[in-house]
Structures are given as structure tokens and as C-alpha cells.
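Written out below as C-alpha cells is the structure these notes cover.
The values are calculated or read from the model by the stated rules, or taken from the named source; none is laboratory data. For clarity, every value in this text was computed on a predicted model and none was experimentally measured. So basically every Cβ, Gly included, is an ideal-geometry build from the backbone, and we count neighbours across all protein chains shown. Quick note on the areas: whole protein, heavy atoms, side chains included, nothing else; ligands and nucleic acids left out. Shrake-Rupley method; radii C 1.70, N 1.55, O 1.52, S 1.80 Å.
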Amino acid sequence: MARRSKSTSGQQATYGDQEIPCGHGGETHQTAEDGYVVLTTQHGIPVADDQNSLKQGARGPTLIEDAHFREKIFHFDHERIPERVVHARGYGAHGFFETYKSLSKITRADIFQREGEQTPVFVRFSTVAGSKGSFDLARDVRGFAVKFYTQEGNWDLVGNNIPVFFIQDAIKFPDVIHSVKPEPDKAFPQAQSAHDNFWDFISLTPEAMHMIMWVMSDRALPRSFRFMQGFGVHTFRLVNAKGESNFVKFIWKPKLGMQSVVWNEAVKINGADPDFHRRDLWNTIQSGNYPEWELCLQVFDQAFADSFDFDVLDPTKLIPEELLPAEPVGRLVLNRMPENFFAETEQVAFMTQNVPPGIEFSNDPLLQGRNFSYLDTQLKRLGGPNFAQLPINAPKCPFHHFQQDGHMAFQNPRGRANYEPNSWGPDVGGPRESTEHGFQTFPQEAEGPKVRQRPESFSDHYSQARQFFISQSLVEQRHIGDALVFELSKCEFPAIRERMVAHLLNVDNDLAQTVADGLGMKSLPAAATPAQEPRTDLPPSDLLSILKNPPPSFAGRKVGVLITDGTDAQLLADLQAAIEAEGATFELIAPTIGGATLSDGTLQPAHHKIDGGPSVLFDAVALLPSDEGILGLLKLPPARDFASDAYAHYKFIGFTEPAMKLFAKVGLPDDLDDGFIAVAAGTDAGRFVEACRALRFWDRPDGA
Ligand code: HDE
């Protein structure tokens, strides 16, 4: 028999000033004698049998009288909501933003007024092109969307990990997205830009060239969400209490530095662990190593904007930090995973138009278009106008309005007043507008005829593409060339490949030649005719390179340690201690998941069986086989891949002498390079970890 009892686990969410019940039934639960809560229908009716539907006789037809069965299947049938049109695959976390110092001189935004104040945030990272079930290591732009629950309303900074975009006008967004998505007749390829439609569109869209340099660079293959930058992309405005305005660009910088993987590694990670990025975020937050970013601002006035070579309203341009430093103004810390992925990460509704007083838009035509789009998309995905009532979307500050009813309205305004003006007085008459506290739009002048026209100032499509390219290290430049060759080799139409090389000739001759050679083109096409002659005098900006800005340490990275029976127990202990002292983590890989019996006779369980823990999942590897253990490894193809991939992906490799037999078997050079660090009991295991701080040993013959 079920009995009623007071729940201790019932959780409360808040909406506005009110508490709303959520979880399983609010205040009271029914509890079974054995301590479990009793299963009920959605309407609270206790269920006696959840294993069998109601039938007329054990072998007879199912009865429509079985309301529990009907409700359960009905609800299951409706579990899906439309995935996001773009950025469908994403992963989110909660945290806070801490303001370093008051920015009241430049903005009245409440979040920037008080030093040390913490504001709750929810962040969602995403890929753009793939569907919800696609893999994490697609070559793609990453979304970096932050919802700040400020005291004056939600501020959504819906950015990417790349500071520029493909197009200059929002009207082209459906085209660029259609082109990158699976081709509509074939329905493939999934989560890949390497196909004709994408490159056809891009090769006909010169304004995309700067962005193309970025998406073909290592930026599009981040090792982890924790190691990537974020950008607001557009120029925004800051407005202070006196109504004075400046322009601003927003940049997120990861405290652990930037890091990417190489393409061959990405391809293999997608097979070994399609959830590589989400698992990384989940594990790191659960282990208490909270990832952090600094919010940095590039603030400038109209005079700077006028003096800058490019139009600051053009979202295909950036302002190099060498010209205008980005000042850190606060930090973002992610310290809590959602309790439920669907309720929070899937239902979170970011909207660029959510800006609190003190933060405003510029006339960037891409941003202006986005401000239309995001409200529409929420209506479609979340099914009605009350999506702001979902706890993940509701502001955490007081709010009061007269909007009511509609689908799923569970928090209508209370009392008699649902309009204004009314004469019911402040106690029952509801809220009123306030010129003092309310959002006052910066009164920017606007004039001119109604036209469909791209401004002349948006017509330089190549200069910054070139600047980005020459700012990269040689290794990174080679990756861009390789990526273009790979992608264009997937295009079946030679004319598309040629059109792309014609654009590259306006970016960098060597790059164009490399790509043409890689595609097996017999001769170079003529350069594309530019709308405006590209500049070749823009200096390199080192801050645009990942490799020229190495991380401060190996902290936050992960070592894969391969052990066998007989692995030296002391060496393993020393190595683990050195890795942990660096703030890094490790996982153990063995021929079986049961682990290995170490030299001192202890049984050491493994995290992975060798074929489930390939070296692509780690930033560096250590192979610690014993003399007898190596004989078994030599027979295992995954062990051979472990070593040869680690080498091919430029990883630092710690090893005991027996491992050299494996290196020889897979054809690694006899003369091991400096990326190999011999370790043995009694020697300094820390030496290996120190070497790992450089992240990759790029100086290998096939030369990155
Ligand atoms: Fe988005 N974008 N976008 N976008 N975008 C969406 O909104 C759109 C653009 C970005 O984690 C959609 O809720 C238009 C630039 C992120 O939930 C949609 C244009 C940048 C996310 C939409 C752009 C972004 C979105 C799809 C051209 C970088 C994921 C689902 C004018 C600054 C947010 C949704 C999340 C999502 C429209 C261009 C970033 C359809 C029309 C530029 C990070 O409304």
C-alpha cells in the first residue's frame, strides 16, 4: 500500500518573485513501504504495474481504458522538439561572472558597476553545421553563447570562437547555412563543409575569405571548449549614465590558453569518442577543476572608428589587438553542470536582442538581422510565447509586466490589473515604465534613402584574410593549406576548386600555389577580380596565432599512460605524482580493462582497454611496458596505433626502454627525436611533464 509523506527532496525553482514547484510533484510524494517513491501518472495517480499493458485476458487485445499506457506512450511520442536550425549540437554549464572593477565611466550596465560582484551565468558551446547527434570534432566554428542573469535583466552575448563571420548581411544567412548543411537531395555529408555546395557558395562569395582562413585554421579544431577563445563578433555599444556612448568588441580568453588538435587526430577522435568535448567539460567540472575565461573589451570611440582602415560595422573584419588592446574586465567561471540536459541546455533560448541598459547594438547589418531571428526561432522550437517562463530562461532579478496567457502560461501576472494606465494605485495597479531606470536607446542619428545596397566601406574582402594568414606560425600556415586541399579535394567540380584558388591568389601567392599543387592543378587560374584592391601592407598580428601564444603550463591537460604486467610500480607512482603536481590528469590504458599486475605485485585497474583508449584522446602519452609486457603489446594492432598516432600527431612520448621495440615495429626512426623522453624508476619523471608544457613537438619530419 502506498502512503503519503512529506518530501525532503522536492526542489523549488523561482519565477520572478514567486517560487514554483518542480521535480517530481512538488511538495509531497507518495512513498512505497520499501522507501522508493511511488510511480504515478502525470496526474498523480499511483501506478500498480508498469511492466504490462491492460489486456482482455493475458493473450487478448490491449484495452484503450489503459490510461497509464496511453499517457506514457503519448508523452514519449512527443519528447522531441525541433533541434536548433544551426548550432544544434551543444553543451552547457552554469557558473558566474565576476566583475574586476567598476566600468561606470563607460557603461551604466548594472553588471559592470561593482568590483568583485558575481553574476550567475549559463553558457552553451556548440558546433554550427552538424545535427544534434553529430560528433564533437567537426571542422567547424564553435558557438560560445553566454546568458548573464544580471540585476537589470538577462544579457545574452551570443558569440563564436572566431571573431569574424562568413557574410556581411543577414539576408545571406540562410544561403550560407543551406550550403554547409547536408546537400538536400543526398542528405549528406553530415557536419562537414567538405562538399561541393559549401565551396560553390563560398567561391562565389568573396566577403567570406577572411572567415575561410579562420575556419580552415586550427581554430576550427579546438582540443576542448576550455581552450578556446570567444568573440562577440559584432561591434556593440556601451552607454554610460550620462548617455555618452563608445563602441566595444567583446573577447573571451581562456585562462588555460588556447589549444587545438590536428585534423588526422580530429577524424580519429570522432570515432573513438564522438562526445570528446562534452565529456571533457563534464569531467573537468565534476572534478572541481573549473574552467575560466577572462572577458576582455576593446573600447573605442567614433574617432577611432573613423580612423580605422575598415568599417567597424563590417562583421568580416576585426581590430588587431596590437592596434587596440583588449582590457580584461572580469572572469567567467563554469562550476556546475545542468541537472537535466533537456531542461537547461536544450531549452535555453539565447537572443541577441537581450541587452540590459548600458549595452546596445551597432548598425552591423548582421547583428540587426540576428535581432529579428532569435525570437522567431524560440517560438518554433519551444512552441509558444511563454518560453521565458522556463527556469533556465527566466531572469533572476524581479520582473513585472502585463503579458499573459498563451500556451503553457503557468505564471500569469497576479491580481486584477493586466493593463495600464489604470487607476488602481501602486499596491494593486501593477508596474509602470520608468524613464530613470528603463532602457533608453542611444539616440544615434540615421538618415538616407531606403536602399538595398552594400556600403562601399565593406568592399575589401582580402586584406585581413591575408593578415590572418601571415600572422600564423609556419606550422599553422601549413595546416591551413592542408585543410583547403582536403576540403576542395572533396569537391567533385573542378570549376569550384579553381574559383577558390583564384581567390587565394588575392590572399597569399604561396598559399594559392600550395593548394593548387595539392589539388593536382596543372596551372594556376587568374586571380579573382577584387571589388577593392587588397592591401599587402597590413603587419602580422601575433595575437591571432594559437602557437605563438603558448599556454602557461600543462595544467588542465591529460596524459594517457600505457601499462602492462610488470610495469615498474615506483615509476608509475612517480609519474602520476608529477602529472598531478602540474595540475594535469592521467588515465591508465592496459591490454585489458582489468588492468595490470605491477612490478610490486599490486593489481592496478585500468581506465581503458587499449583499443578503447587510443592516444588521440590524450595530450601526451607515456608507454611504460615491462620487458615481458612489451611482447604482448607488439601483437596488438591498437598498441601499434597508439604509438604511431602519438608520433604522427606530434605528441610528447614518455617511454621505458622496452617500448622501443614497439616504436621499431611501427617504423619510427631509430634515432628518437627530442619529443621522446626516456623515463625510468629513480630518474626524474617530472622531466617528461616539463617537456609536455610545449604541448606538441612540431619538429618532426612529416612536418606538421
Ligand atoms: Fe546565430 N542563430 N545567426 N550567429 N547563433 C542561432 O538561434 C542567426 C550568427 C550563434 O547555444 C539560432 O536559438 C542569423 C553569428 C550561436 O543556443 C538562429 C544570423 C554568430 C547560436 C540564429 C546568425 C552567431 C546561434 C538557431 C545571421 C556569432 C547558438 C537556434 C544574421 C556572433 C546559441 C537559436 C545556443 C543560434 C540565427 C549569425 C552565433 C536561427 C539569422 C554572426 C552561438 O536564430
Criterion (buried (at least 22 other Cβ atoms within 10 Å of the Cβ) and in contact with a helix residue (DSSP H, G or I) (Cβ under 6 Å, 6 or more places away or on another chain)) met by exactly one of Leu524, Leu547, Leu488: Leu488
Test each condition in (1) within 16 Å of the ligand (Cβ to nearest atom); (2) farther than 30 Å from Ser457 by Cα; (3) buried (at least 16 other Cβ atoms within 10 Å of the Cβ) for Lys317 and report the one that comes out false. (2)
Limited to the range 116-152, what total is found for residues that are more than 12 Å from the ligand (Cβ to nearest atom) and in contact with a strand residue (DSSP E or B) (Cβ under 6 Å, 6 or more places away or on another chain)? 9
Being open to solvent by 30 Å² or more (accessible area, probe 1.4 Å) and near the ligand (Cβ under 7 Å from one of its atoms) is the filter here, so list the residues in the range 87-96 that pass it. His87
Check the range 232-250 and report whether any residue there is open to solvent by 20 Å² or more (accessible area, probe 1.4 Å) and of a type in the set (Val, Ile, Thr). no
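Select from the range 381-400 the residues that are in contact with a Pro (Cβ under 7 Å, 6 or more places away or on another chain) and not in a loop (DSSP other than H, G, I, E, B) and list them in ascending order.
Taking the range 381-400 first, the residues in contact with a Pro (Cβ under 7 Å, 6 or more places away or on another chain) are 381, 396, 400.
If the condition is that a residue be in contact with a Pro (Cβ under 7 Å, 6 or more places away or on another chain) and not in a loop (DSSP other than H, G, I, E, B), then Arg381 is the only one that fits.
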Restricting the first residue to the range 373-385 and requiring it to be in the same structural domain as Val158 (by TED's automatic domain parsing), which pairs with a second residue that is in a helix (DSSP H, G or I) and within 6 Å of the ligand (Cβ to nearest atom) meet a Cβ separation below 8 Å and a spacing of at least six or different chains? Ser373/Ala170; Ser373/Phe173
Output the number of the condition that Met228 fails; it satisfies all remaining conditions of (1) surrounded by 23 or more Cβ atoms within 10 Å (Cβ to Cβ); (2) more than 13 Å from the ligand (Cβ to nearest atom). (2)
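Considering only the range 370-380, I want to know if a residue exists there that is outside any strand (DSSP E or B), of a type outside the set (Phe, Trp, Tyr) and within 30 Å of Arg114 (Cα to Cα).
Just the residues of the range 370-380 that are outside any strand (DSSP E or B), to begin with: 370-380.
In the following step, the residues that additionally are of a type outside the set (Phe, Trp, Tyr) were identified as 370-371, 373, 375-380.
In the following step, the residues that additionally are within 30 Å of Arg114 (Cα to Cα) were identified as 371.
Yes; the residues of the range 370-380 include at least one that is outside any strand (DSSP E or B), of a type outside the set (Phe, Trp, Tyr) and within 30 Å of Arg114 (Cα to Cα).
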Residue among Lys609, Lys558 that is free of Cβ contacts under 8 Å to residues at least 24 places away in the same chain, open to solvent by 10 Å² or more (accessible area, probe 1.4 Å) and under 32 Å from the mean Cα position of the chain (by Cα): Lys609
Scan the range 159-189 for residues that are within 17 Å of Ser203 (Cβ to Cβ), more than 9 Å from the ligand (Cβ to nearest atom) and assigned to a loop (DSSP other than H, G, I, E, B) and jot them down. Gln168, Glu183
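Considering only the range 401-432, state which residues are without any contact (Cβ under 8 Å) to a residue 12 or more places away in the chain, in a loop (DSSP other than H, G, I, E, B) and open to solvent by 90 Å² or more (accessible area, probe 1.4 Å). Give the steps one after another, and end with the answer.
Initial filter on the range 401-432 (without any contact (Cβ under 8 Å) to a residue 12 or more places away in the chain): 405, 412, 414, 421-427.
Then drop every residue that is not in a loop (DSSP other than H, G, I, E, B), which leaves 405, 412, 414, 421-424.
Selection gives Arg414, Pro421, Ser423, Trp424.
Scan the range 327-349 and give yes if some residue there is open to solvent by 10 Å² or more (accessible area, probe 1.4 Å), in a helix (DSSP H, G or I) and under 30 Å from Gly481 (Cα atoms), otherwise no.
Going through the range 327-349, the residues open to solvent by 10 Å² or more (accessible area, probe 1.4 Å) turn out to be 327-328, 331, 335-344, 347.
After this cut, where a residue has to be in a helix (DSSP H, G or I) as well, the list is 341-344.
Those still in the list that are under 30 Å from Gly481 (Cα atoms) too: none.
Checked against the condition, which is being open to solvent by 10 Å² or more (accessible area, probe 1.4 Å), in a helix (DSSP H, G or I) and under 30 Å from Gly481 (Cα atoms), the range 327-349 yields no hits at all.
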